[in-house]
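Asks: The structure's right below; bear with me while I get my questions together.
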Amino acid sequence: MNNKDRFLITHNVEKLVNYTNYKQLSFECIQQKILSPTMVSRIEGIAQDEVTRHKKLFEKITKRGPKAFDTLLAICQQAFPTAYLILKPNSNDNQMHSTHNPQRVRSVSCNVAPKVYSLRSPGDVDDGKNNNFASNALVEESKCILQVYPDILPTTFSVKLSTRPAETHPKVPAYPMKGRNRGVAFIVNVITFLKKVHPTRNGADIDGRNLISVFQQLGFVVFYYEDITMGDLKELLAQLKESEHLSCDCFAFYILSHGDHRKGSDYIFLHDNSLLRVEDLLTEFNSVNCKRLVHKPKLFFISICRGVQSDLGAYRLSTNTERDGMIDPGKPLPSNIATYCDMLVCYATVPGFAAHRDTNTGSWFVESMCKIWSEHAHDTDVEILMKLVGEYASSYRTEHSALQTICTEQRGFFKQLFLNPGYYENPVEL
């Protein structure tokens, strides 16, 4: 192996360990005859823990023959796409820190301390005008590249298609959802965390596959990223907001991770253990900060815990209600646009409580949503869909009888939203 290729491996060994699986890589190295079974056995005899074995494996590969690097590249291209892009940074498919294969397994070995990042500059007022990811360089520069998820995935859920537009309520208009540029789904799935500060979200890869497939069947352009940092997210959203992809009928943002509810605010843990405040995320797509999505429906799905308490249920013993005062309805309204409008925010659970995930079938929230949407999105508007999702998810129980209550919040979401999967008003242009 030449010195240039050897340096590329040794210089990026932490990343390569992070984005490959030891058992699979060692097996493939033996199969492709880069290493012998005896060599792998010696590595495992010397190194006690998997991370050290993993590093020793790459170290051993650097000492092999002239074809070792190309063979390693071929293995990574098939089994570990992100590792392939690290070793071949000039590839046309370069998309650092993202993955096109949600089925892959990875081990984690990094050293980033937990930090809480504000997406506002010091002294900014929380008025929805200053919270811009792109303008606040609070983390190191990212090399992420925005790229549409390239594969069509099979799924457990088959979306029923519409044969005609759904009937709207006579008093509630519907958002336009009949064009071929139907929507964009931006999905972030944080499965592992640097230094293993938080437990791996086993089963989350299943959520990723199901969400990609369901949104693809709904006619959405899908962007899917696993294990991204705060810097990655800022860069990707800056690119997305400048792209023509948002010239669409609808936008959906879906994030899955560990989370917490602190002093009235919800936070999401990213791969580098930084904390993303949900309110800052919503601000990034409000009428001030994202002009392309003004008057368009924006859906946000936050699949995180909002506390650690298990919901074991309770009995309601009494009800006390009061009537709030009314604003004078005769006063004329100005014609300006609300800062937050056309937004529907859906949480996996209510503040203070945990969200649940099955390691074999994925999270309750995602599984329930994929099932209900695939069966009813052809003739049911999104707010009713989420009521059905909540009802279905409420039937789940843990072995200790804990349950989960889905929570939705609308911000100026005054119209009906029918997804109309498979129905297009205009024929395909030839």
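Asks: Identify, please: which residue in segment 1-15 is within 12 Å of ALA83 (Cβ to Cβ) and of a type in the set (Val, Ile, Thr) and is, among those, surrounded by the fewest Cβ atoms within 10 Å (Cβ to Cβ)?
Replies: Once the filter is applied, the top-ranked residue is VAL13.
Asks: Test of understanding: among LYS241, LYS195, which residue is of a type in the set (Lys, Arg), in a helix (DSSP H, G or I) and at positive phi?
Replies: LYS195
Asks: Same structure, new question: For residues in segment 380-412 being modelled with pLDDT of 95 or more and part of a loop (DSSP other than H, G, I, E, B), which is surrounded by the most Cβ atoms within 10 Å (Cβ to Cβ)?
Replies: Checking each candidate, the answer is ASP381.
Asks: With (1) within 20 Å of ASP207 (Cα to Cα); (2) open to solvent by 20 Å² or more (accessible area, probe 1.4 Å) as the list, and GLN239 as the residue in question, which single condition is left unmet?
Replies: With respect to (1) within 20 Å of ASP207 (Cα to Cα); (2) open to solvent by 20 Å² or more (accessible area, probe 1.4 Å), GLN239 is out only on (1).
Asks: Surrounded by fewer than 20 Cβ atoms within 10 Å (Cβ to Cβ) and not assigned by the TED database to the domain that holds THR283: is that true of THR200 in this structure?
Replies: So THR200 fails the test.
Asks: While we're looking at this one, here's another question. Conditions: (1) over 24 Å from PRO176 (Cβ atoms); (2) in contact with a strand residue (DSSP E or B) (Cβ under 6 Å, 6 or more places away or on another chain); (3) open to solvent by less than 40 Å² (accessible area, probe 1.4 Å). THR349 meets all but one. Number of the miss?
Replies: Status for THR349: all satisfied but (2).
Asks: Could you grab me the full set of residues in segment 176-187 that are buried (at least 20 other Cβ atoms within 10 Å of the Cβ) and within 12 Å of LYS296 (Cα to Cα)?
Replies: Residues of segment 176-187 that are buried (at least 20 other Cβ atoms within 10 Å of the Cβ), as a first pass: 177, 182-187.
If the condition is that a residue be buried (at least 20 other Cβ atoms within 10 Å of the Cβ) and within 12 Å of LYS296 (Cα to Cα), then MET177, ARG182, GLY183, VAL184 are the ones that fit.
The values are calculated or read from the model by the stated rules, or taken from the named source; none is laboratory data. The shown structure was predicted, so the numbers you read here are calculated from the model rather than taken from an experiment. A quick note on method: Cβ atoms are made from the backbone with ideal geometry, for glycine too, and the neighbour counts reach across all protein chains shown. Calculation scope for accessible area: heavy atoms of the full protein, side chains included, ligands and nucleic acids excluded. Shrake-Rupley method; radii C 1.70, N 1.55, O 1.52, S 1.80 Å.
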